[in-house]
Amino acid sequence: MALNAHRQVITVADSAELANSAADRVLARIAANDGRVAICLTGGSSPTQLYRLLATDPYRNQIPWDRVHWFIGDERFVPAADPLNNMGMARRIFLDRCAPAANIHPIPTDAADPREAARRYESELQSFYGANELVPSRPLFDVVLMGVGPDGHTASLFPDYPAIEEIERWVVGVPQAHVEPFVPRVTLTLPALNSCREMLFEVAGAEKRTILTRVLDGENLPANRARSTGETIWLVDQAALPENFRGR
Ligand code: 6PG
């Protein structure tokens, strides 16, 4: 484990070990809260092994499904059944088999446009939280899962887009994506994402090495501005780890 400014970087052998470590961390956060638990999922391909594990024993039978709520950090503005839909992917892999329907909180992509979807999701989050202002001592989420894109984006917070500077709204529409898939997005903003006990990035594979080098060098990228008010953990496998970071 290495400390890199505001985060802990935990290195693991490969993507299988990464998914196991992530699942253990999610379970530990659930176990630490004996009330209602809120987990914010992510899209992309990075979390799919983790999602599969959560639907498999011994993880599945250790999760008190009735008191865990599942949200999504960003969504592609496509119908719920579209293969590109982030929550749709999580539902297919594990949620629909494991979680009560009332505990699954998708971003409504049947709204008129991304801005309207953002407004509706923000009010759902605020009603779940029980207030319209976030209080640092009472984080919105127990865990926020994250991934990093090739341009340093995380959730749908792209470099130099206005959404990354948003400090009032919890959720905003993003009319145009900066990378594939080029569909409009809806994303939680930094104040909402950062309001968590643990933010957990999963980074695996050699194709992530270039962007991870820039992130670990402290470049001003959205992924570096996403940091929990509690713990921020970057789980990184050997293939993604930059040469000059090995052994640190
Ligand atoms: C999305 C994501 C996005 C993703 C990163 C990493 O909707 O695309 O939420 O922020 O996490 O782009 O994606 P991969 O895991 O596919 O590399």
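Observations
- Potential lengthening between D110 and D24 on full extension [0.36 nm per residue; Cα-Cα distance subtracted]: 27.5 nm
- Kirkwood estimate for the range 37-144, i.e. one over the average of 1/r between Cα atoms, Å: 14.6 Å
- Carbon and sulfur %, accessible surface of the range 52-116 computed with the full protein complex present, 1.4 Å: 53 percent
- Prolate/oblate/rounded label for the range 131-248 (Cα gyration tensor, a/c 1.5): oblate
- Normalised per residue, the accessible area of the chain is 43 Å², obtained with a 1.4 Å probe and no contribution from ligands, DNA or RNA.
- Antiparallel bridges, percent of DSSP beta bridges restricted to the range 1-147 (to nearest 5): 35 percent
- Shape class for the range 179-248: oblate, because the ratio a/c of the largest to smallest gyration tensor axis (alpha-carbon atoms, square roots of eigenvalues) is 1.5 or more and b/c is at least a/b.
- Treating each Cα of the chain as one equal point scatterer and applying the Debye formula with no solvent, the log10 of I(q)/I(0) at q = 0.10, 0.14, 0.16 Å⁻¹ comes out as -0.43, -0.89, -1.20.
- If you plug the beta carbon distance of R36 and R225 into 1/(1 + (r/R0)^6) with R0 = 25 Å, you get a FRET efficiency near 0.35.
- Loop-exposed GluC sites (Glu not before Pro) per DSSP, neighbour cap 16 Cβ within 10 angstrom, longest uninterrupted part of the chain: 1-132
- Per residue, the average separation of C-alpha pairs within less than 8 Å and at least 6 apart gives the range 87-236 a relative contact order of 24 percent.
- Cα gyration tensor shape of the range 1-95, rounded if a/c is under 1.5, else prolate or oblate by comparing a/b with b/c: oblate
The values are calculated or read from the model by the stated rules, or taken from the named source; none is laboratory data. Because the structure is predicted, anything quoted here is derived from the model rather than measured. We place every Cβ from the backbone using ideal geometry, glycine too, and count neighbours over all the protein chains shown. Side chains are part of the model used for accessible areas, which takes the heavy atoms of the whole protein and leaves out ligands, DNA and RNA. Shrake-Rupley method; radii C 1.70, N 1.55, O 1.52, S 1.80 Å.
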